[in-house]
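Undergrad: Let me begin by handing over the structure; questions about it come next.
Taken together, the values in this text are just the output of simple stated rules run on the coordinates, not laboratory data. Since this is a predicted model, take the numbers as computed values, not measurements. Cβ placement follows ideal geometry from the backbone for every residue including glycine, while neighbour counts extend to all protein chains displayed.
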Amino acid sequence: MKQTEITVPVSSARINRTRARAWAIQMHYQWDVSKNGSSLSQTLEDILANRRVSAIRIPYVKRIASNLDRYGTQVDDSLNGVLDNWRLDRLAAIDRAVLRIAALEMLFFNDVPHKVSILEGVRLAELYGGSESPGFVNGVLDALMAGKG
């Protein structure tokens, strides 16, 4: 008898949040490399004026931007506390963006389970980072979760 794989439908809310995180990576990258002194929220507004982003994803990207503007120093301090032999400012811009967004979720978004933030961070690192980025991101976020536990 042949077994068939049962697939669980992926909720559209989860897909939209995943895609919103990808937009947040792009926003953070543009903000990080421009060094023009603007906030992440302003960088997002600039992006939204020139790019088409699905309206359903915008609230979560805005939530990330505004909270990184507000809690960015605390997020960076927490990440620097678990980075062994590294400094956040010396990481690749994409890795830094992925880590900041996932850490923000872990530290300040009570509606996002830590394991989801880690999984999504690793997934984004696979898509946008270097070959060693997924393992590095996983290790840092695991250490952050252990420190919170």
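Undergrad: Give the order of ASP76, ASP111, ASP95 when sorted by the count of other beta carbons within 10 angstrom, beginning with the fewest.
TA: Neighbour counts put them in this order, fewest first: ASP111, ASP76, ASP95.
Undergrad: Of THR73, THR18, THR43, how do they rank once you tally other Cβ atoms within 10 Å and put the fewest first?
TA: Going from least to most buried by this count: THR73, THR18, THR43.
Undergrad: For a distance above 26 Å, tell me the whole-number percent of Cα pairs in segment 12-148 that qualify.
TA: I get 15 percent for the Cα pairs in segment 12-148 exceeding 26 Å.
Undergrad: When the helices in the chain are scored as -39500 (n - 2.57) per DSSP H run of 4 or longer and the sum is shared across all residues, what 222 nm value do you end up with, to the nearest 500 deg cm²/dmol?
TA: That calculation yields -24000 deg cm²/dmol at 222 nm.
Undergrad: What distance in nm separates the two pseudo spin-label positions at ALA146 and PHE109, each 7 Å out from Cα along the beta-carbon direction?
TA: Rounded to a tenth, the inter-label distance reads 2.4 nm.
Undergrad: So for each of 125-132, 80-87 I average, over its residues, the number of other beta carbons within 10 Å; can you give me the resulting order with the highest mean first?
TA: In descending order of packing, they fall as 125-132, 80-87.
Undergrad: Among VAL116, VAL98, VAL137, which one moves the most in a GNM of the chain with springs linking Cα atoms closer than 10 Å?
TA: VAL116
Undergrad: About its Cα centre, what dipole magnitude does the chain give when the only charges are +1 on Lys and Arg Cβ and -1 on Asp and Glu Cβ, stated in debye to the nearest 20?
TA: Using only the charged Cβ atoms, the result is roughly 500 debye.
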